[in-house]
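The values are calculated or read from the model by the stated rules, or taken from the named source; none is laboratory data. The structure presented is a predicted model; accordingly, all values stated were derived computationally and were not measured. For neighbour counting, all protein chains shown are included, and Cβ atoms are generated from backbone atoms with ideal geometry for every residue, glycine included. Side chains included, ligands, DNA and RNA excluded: accessible areas come from the protein's heavy atoms. Shrake-Rupley method; radii C 1.70, N 1.55, O 1.52, S 1.80 Å.
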Amino acid sequence: MATPVVPQFRSGSQTTSSTSQSVINETITSYQYRSGYSYAASGHNIKATLDSINPTATTQTSQTVGGVNFAWTSPNLESVPRWQIVTEGAAFSIQETLITPGLDTVTNIQRTITTSQTSETTSTFGQ
């Protein structure tokens, strides 16, 4: 026959500790759009054959990228300046830059956020 065990103490304490951890994986995607155009020209020993070196604007139809609808303004390429050399036989240079509207950049950011929490409970008891 088994003998019951009876604790023989008057007071005591017990400490319980628990830790939880949370991990969040996050992806952020950002779209940058250019709604207009930029035209630049430079050089030496050249001149434009038109009165203006700024191309006329033409509105285009809309576009959908990444679920975003937008419309933009583009240059009429027929009105882009034509160039001629001022002094024939002399050195010349020309540089034209046309940046058109539309989707400019897509930025993807991926990050992980890890947090942890620890709680400690102490119970004191007596008889």
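One table, with the values for the structure above:
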| read-out | value |
| --- | --- |
| Residue pairs meeting the criteria (Cβ under 6 Å; at least 6 apart or on separate chains; first assigned to a loop (DSSP other than H, G, I, E, B), in region 73-95; second at pLDDT 95 or above) | Val86/Asn45; Thr87/Asn45; Ala90/Asn45; Phe92/Asn45 |
| Qualifying residues in region 100-127 (those that are under 30 Å from Ala41 (Cβ atoms) and among the hydroxyl-bearing types (Ser, Thr, Tyr)) - the one modelled with the highest pLDDT | Thr105 |
| Counted residues, region 71-127 - those being open to solvent by less than 90 Å² (accessible area, probe 1.4 Å), under 25 Å from the mean Cα position of the chain (by Cα) and not hydroxyl-bearing (Ser, Thr, Tyr) | 11 |
| Matching residues in region 57-70 - criterion: being loosely packed, with under 10 Cβ neighbours inside 10 Å and over 26 Å from the mean Cα position of the chain (by Cα) | Thr59 |
| For Tyr37: the one exception among (1) surrounded by 11 or more Cβ atoms within 10 Å (Cβ to Cβ); (2) more than 31 Å from the chain's Cα centre (by Cα) | (2) |
| Some residue of region 86-99 being within 30 Å of Gly126 (Cα to Cα) and modelled with pLDDT of 80 or more | no |
| Among (1) touching a Pro at 6+ places or on another chain (Cβ under 7 Å); (2) in a strand (DSSP E or B), the one test that Thr124 misses | (1) |
| Candidate set from region 1-26 (those that are of a type in the set (S, T, N, Q) and open to solvent by 90 Å² or more (accessible area, probe 1.4 Å)); member that is farthest from Ala57 (Cα to Cα) | Thr3 |
| Selected residue [in contact (Cβ under 8 Å) with a residue 60 or more places away in the chain and assigned to a strand (DSSP E or B)] from Thr64, Thr114, Thr58 | Thr114 |
